[in-house]
Amino acid sequence: MDRKALLCRTLWEHPEATQRELAAALDISLGAANRLVRECAASGYLQMPGEGEPGSYRITQKGRDYLQKFQVDGAVIIAAGFGSRFVPLTFETPKGLLEVFGERMIERQIRQLHEAGITDITIVVGYLKEKFEYLIDRFGVKLLYNKEYSCKNTLATVYHAREILRGRNMYLLSSDNWMRHNMYHAWECGAWYSSVFQEGDTSEWCLSYNKKGKILDVSVGGRDSWVMYGPVFMSASWLDAFLPVLEAYYRLPGTEQMYWEHVYMEVVSGAARHRLAEAGIRQLGRFSLDHWEDLKDAMDLYVNRQPADQVYEFENLEELRRFDQRYRDHSNNQAMELISRVFQVPESEIRDIRCLKAGMTNKSFLFQVNGSHYICRIPGPGTGLLINRRQEKAVFDAVKPLGITERILYFDGETGYKIAEYYEGSRNSDPDNLQEVSQCMALLRQLHRSGIQVDHSFDMRERIGFYENLCLAHGGIPFEDYREIRAQMNQLLDMLDQLHRPKVLSHIDSVADNFLFLPSGKLRLIDWEYAGMCDPLIDIAMCAIYSYYDEERTDWLIRTYLEREPEPEEQAAVYAYVALGGFLWSLWAVYKSSLGEEFGEYTIRMYRYAKRYFRKIFRKL
């Protein structure tokens, strides 16, 4: 940290500052400030008042010229993440766009940067990226899309912004930080990380530093410590050393969930040297692994200690509620307003909110009201096109007397919003536990034999055509042999038509995760979005492909459901539904991929079921 430059900057910004005020601004003793003033005067950077003359120190032209090399070039703001601890607010709005005291957090930071003369601002976006587009016109910012936002952490985010950072003096900010007072400057005199003091136990990144403020060690978690908290400034020279290490880490396996701070922490501790050596990496930009201390010295980072009420990183909705009272009862969020209305409680009584594992179609979160936990389901974007919520509600109403579903407190057949009881200690079934799968098959038999009917059907031919048209309208279908396989699926559909199989109320989505074992031992079947009148054997096929069963396990599943050896017609029907189900869901995944969602190997696995079981059927015929 260049203290002479800091003194020049302080005098530029506060030309009437006294020596005592300079000491406070530079966080040094009065004696140290006195010595620094005299050193700067000797270097010609400032002019001291003459003996007996009133007035303060004056920065000279030489001082101004010296300061110019420390000019900040711009800022990168990280805004790609989901913000799971702020659900349900972040289902609709990215965390950085949430308001605090009527002002969006990211807008506050942009305005503070502008006040310091910093207008070259890039926002790295990912989740709900379109929500940030208006900032281009309002503030003249640039957007950079991080396509890996959903599967990697901030190490990858900074990696994708590396060319914007390289060779420049840059702030690195988080969109969801809130600074009470503007802490940005036109000039920064050394790389630093903002820090606040936290009393007691903390899970934050704790710092050890020397008398000059240089960080010596970083540890995750500690007690009564200064911690990494808020903005970061990265000088061009610091980035020159850091970015080659970051780039090397990005390419190493096992670093996908690392924060960029992990890289810095391992450099400081020396762990990075061993990690890179094991990977066979010897050269990092202009630095060599054989001269590690040179790289480490070039990456000196200083602590920028802030008062307790200056920097805020809201960890969850409860913290935001305590800070901004508006969020106690008026969050302006549809799901929160719904829960408040259903339970007839103010929003402040909705507590312990946690994001649940997002499904392929919906978003859900857990919450507590009056000491009990519930789940609120929010339909995912575009699902109104894919799911008929009125039909789903009709199924729930029809099967309710069976007592095999979760207890529903609220269901809107128009919007698809649903509130259900949460069963403490419950768990999903295990597709590899054959005893549990047998119980699941018994529950399906109960459903199929119930005699319950609804007014709609699940039509495999219609659904395949529907998803096929969606894919063709959104970028096409990527499988090279699609026409051939499509013709094969038509053969299977024709075969099933000729079998004239009976139709009963079927679940269709009989994935292992939709069978819920309660602590009492009872079993529940949840998520009836696709349910309708259909051949009951389709549920056996869907269970098999969702569980990624091989052919031997699929045959076992058929026997388990039927409680006997299948008739040739029954086996052929299940095999046909396995092939058609795989084909249907591969199209579904292709369409969802065109909307920006990815499901890894799921698409290919489903398509393989279509091919393999078509061949399997016609070998038997």
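Determine whether region 174-196 contains at least one residue that is within 26 Å of the chain's Cα centre (by Cα) and at positive phi. No, every residue in region 174-196 fails to be within 26 Å of the chain's Cα centre (by Cα) and at positive phi.
Within region 222-229, is there a residue that is among the hydroxyl-bearing types (Ser, Thr, Tyr), in a helix (DSSP H, G or I) and in contact (Cβ under 8 Å) with a residue 12 or more places away in the chain? No, every residue in region 222-229 fails to be among the hydroxyl-bearing types (Ser, Thr, Tyr), in a helix (DSSP H, G or I) and in contact (Cβ under 8 Å) with a residue 12 or more places away in the chain.
Filtered by the rule that a residue be assigned to a helix (DSSP H, G or I) and under 20 Å from Gly117 (Cβ atoms), region 1-34 gives Ala5, Leu6, Leu7, Cys8, Arg9, Thr10, Leu11, Trp12, Glu13, Ala25.
Is it the case, given these coordinates, that Phe314 is touching a helix residue (DSSP H, G or I) at 6+ places or on another chain (Cβ under 9 Å), surrounded by 15 or more Cβ atoms within 10 Å (Cβ to Cβ), farther than 24 Å from Leu165 by Cα and among the aromatic types (Phe, Trp, Tyr)? Yes: the conditions hold for Phe314. Only one of the listed residues (Ala248, Ala191) is over 23 Å from Ile77 (Cβ atoms) and of a type in the set (A, V, I, L, M). That residue is Ala248. When restricted to residues that are within 30 Å of Ala24 (Cβ to Cβ) and assigned to a strand (DSSP E or B), region 276-311 contains 5. The residue list Ile526, Ile558, Ile538 contains one member that is closer than 13 Å to Lys616 by Cβ and either in contact with a His (Cβ under 9 Å, 6 or more places away or on another chain) or among the β-branched types (Val, Ile, Thr) (or both), which is Ile558. One residue is enough: does region 363-377 have a residue meeting the conditions charged (D, E, K, R), modelled with pLDDT of 85 or more and surrounded by 19 or more Cβ atoms within 10 Å (Cβ to Cβ)? Among the residues of region 363-377, at least one is charged (D, E, K, R), modelled with pLDDT of 85 or more and surrounded by 19 or more Cβ atoms within 10 Å (Cβ to Cβ), which makes the answer yes. Consider region 130-154 and keep the residues that are hydrophobic (A, V, I, L, M, F, W, C) and part of a loop (DSSP other than H, G, I, E, B). The one that is farthest from the chain's Cα centre (by Cα) is Val141. Listed by first and then second residue, the pairs linking a residue in region 473-492 that is at pLDDT 95 or above to a residue that is surrounded by 14 or more Cβ atoms within 10 Å (Cβ to Cβ) and not hydrophobic (A, V, I, L, M, F, W, C), with Cβ atoms under 7 Å apart and 6 or more places separating them unless they lie on different chains, are Ile485/Lys611. Selection of region 35-87 for residues being modelled with pLDDT under 90, hydrophobic (A, V, I, L, M, F, W, C) and assigned to a loop (DSSP other than H, G, I, E, B) yields Met48, Phe82, Val87. Filtered by the rule that a residue be outside any helix (DSSP H, G or I), buried (at least 16 other Cβ atoms within 10 Å of the Cβ) and of a type in the set (S, T, N, Q), region 480-535 gives Ser506, Ser510. Under the condition of being of a type outside the set (Lys, Arg) and either assigned to a helix (DSSP H, G or I) or farther than 14 Å from Glu99 by Cβ (or both), the residues counted in region 312-338 number 15.
In the condition set (1) crowded, with 17+ Cβ neighbours inside 10 Å; (2) modelled with pLDDT of 95 or more, Arg138 is compliant with all but (1). Filter region 182-219 for residues that are of a type outside the set (Val, Ile, Thr) and touching a Cys at 6+ places or on another chain (Cβ under 9 Å); which is surrounded by the fewest Cβ atoms within 10 Å (Cβ to Cβ)? Across region 182-219, the extreme among qualifying residues is Asp217.
Would you call Trp205 hydrophobic (A, V, I, L, M, F, W, C), assigned to a strand (DSSP E or B), within 28 Å of Ile118 (Cβ to Cβ) and more than 25 Å from the chain's Cα centre (by Cα)? So Trp205 does not fit the description; no. If you go through region 106-129 and keep only what is within 18 Å of the chain's Cα centre (by Cα), more than 24 Å from Leu356 (Cα to Cα) and assigned to a helix (DSSP H, G or I), you end up with just Ile106.
Sub-7 Å Cβ pairs linking a first residue in region 576-605 that is touching a residue at least 24 places away in the same chain (Cβ under 8 Å) to a second residue that is outside any helix (DSSP H, G or I) and hydroxyl-bearing (Ser, Thr, Tyr), at least 6 apart or interchain, are Arg605/Tyr548, ordered by first then second residue. Within region 558-580, being of a type outside the set (Phe, Trp, Tyr) and buried (at least 24 other Cβ atoms within 10 Å of the Cβ) holds for Ala573, Val574, Ala576, Val578, Ala579, Leu580.
The values are calculated or read from the model by the stated rules, or taken from the named source; none is laboratory data. Values in this document were obtained by computation on a predicted structure and should not be read as measured data. Note that each Cβ is placed from the backbone with ideal geometry, even for glycine, and that neighbours are counted across all protein chains shown.
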